[in-house]
């Protein structure tokens, strides 16, 4: 697994091998599988993302009753033309809600990179595929791009809210989705890395503060924010807008910020929104039900 986006970009430039292929070759070497098997498994993950979206239960609520049915509300508002963001971003928001609600309702999802951030990559990738008509093979290639970004973040920083706050979960997922979207829009290594950097920069310092310790509030809505942030980061990149701070330094900054966060802001359910009077009341109510 590579330790820097700079290295991945350098190899791409020197070898002429596409970014996604470099990641795939590394996966094959690390796990001892053939390229065909690696691609098949990655395709299965993308198909699982599709399945989670297509089999969303619009009437199902989580056991706590805190989340559920909101993907349906977003769809209704989109179809009625009520959204200022328009139809495409409405679809992105809708899919992020559908997938992350499915996680809270104990349905099948793909941790990308975590269960709490599972709605970001599928919301972006599925929506972009629907809009631009990319083939499944191209989408699987984008999955490798996202995986490569996630691997570098895991090596240089962290992916869990307990370790680095929600910037490590939603932030990393947004970076992965942004890089994949930039690839689909014709970007090479430089654009992929830059889109990831812009997305992660926007979410530095995001606390992990799940109410009652459940991956529901505010987690589900943050998937929406991470997905939309990924799209804007990819669009800025393809418009020629580049980060003044190099991508790997952005990841290092995320690690530094995460390490400086108080324990209450790292998935303990004590600080942030979880520590508000309403958050505490929900926690107390939930404790009596368990």
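Any read-out appearing in this document is the output of simple, stated calculations on the displayed coordinates, not a laboratory observation. No experiment lies behind these values; they were computed from the predicted model shown. So basically every Cβ, Gly included, is an ideal-geometry build from the backbone, and we count neighbours across all protein chains shown.
Select from segment 73-89 the residues that are more than 9 Å from residue 127 (Cβ to Cβ), within 21 Å of the chain's Cα centre (by Cα) and surrounded by fewer than 19 Cβ atoms within 10 Å (Cβ to Cβ) and list them in ascending order.
Narrowing segment 73-89 to residues more than 9 Å from residue 127 (Cβ to Cβ): 73-87.
Filter again for within 21 Å of the chain's Cα centre (by Cα), leaving 74-75, 85, 87.
Result: 85, 87.
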| query | Under the condition of being surrounded by fewer than 18 Cβ atoms within 10 Å (Cβ to Cβ) and touching a helix residue (DSSP H, G or I) at 6+ places or on another chain (Cβ under 8 Å), which residue from segment 90-113 is nearest to residue 214 (Cα to Cα)? | reply | 107
| query | Is it the case that some residue within segment 114-125 is within 21 Å of the chain's Cα centre (by Cα) and surrounded by fewer than 22 Cβ atoms within 10 Å (Cβ to Cβ)? | reply | yes
| task | Answer yes or no as to whether residue 146 is part of a helix (DSSP H, G or I), surrounded by 23 or more Cβ atoms within 10 Å (Cβ to Cβ) and touching a residue at least 60 places away in the same chain (Cβ under 8 Å). | result | no
| message | Which condition from (1) under 16 Å from the mean Cα position of the chain (by Cα); (2) closer than 27 Å to residue 267 by Cβ; (3) surrounded by 19 or more Cβ atoms within 10 Å (Cβ to Cβ) is the one that residue 70 breaks? | response | (1)
| Which one of these does residue 250 not meet: (1) buried (at least 24 other Cβ atoms within 10 Å of the Cβ); (2) closer than 19 Å to residue 112 by Cβ? | (2)
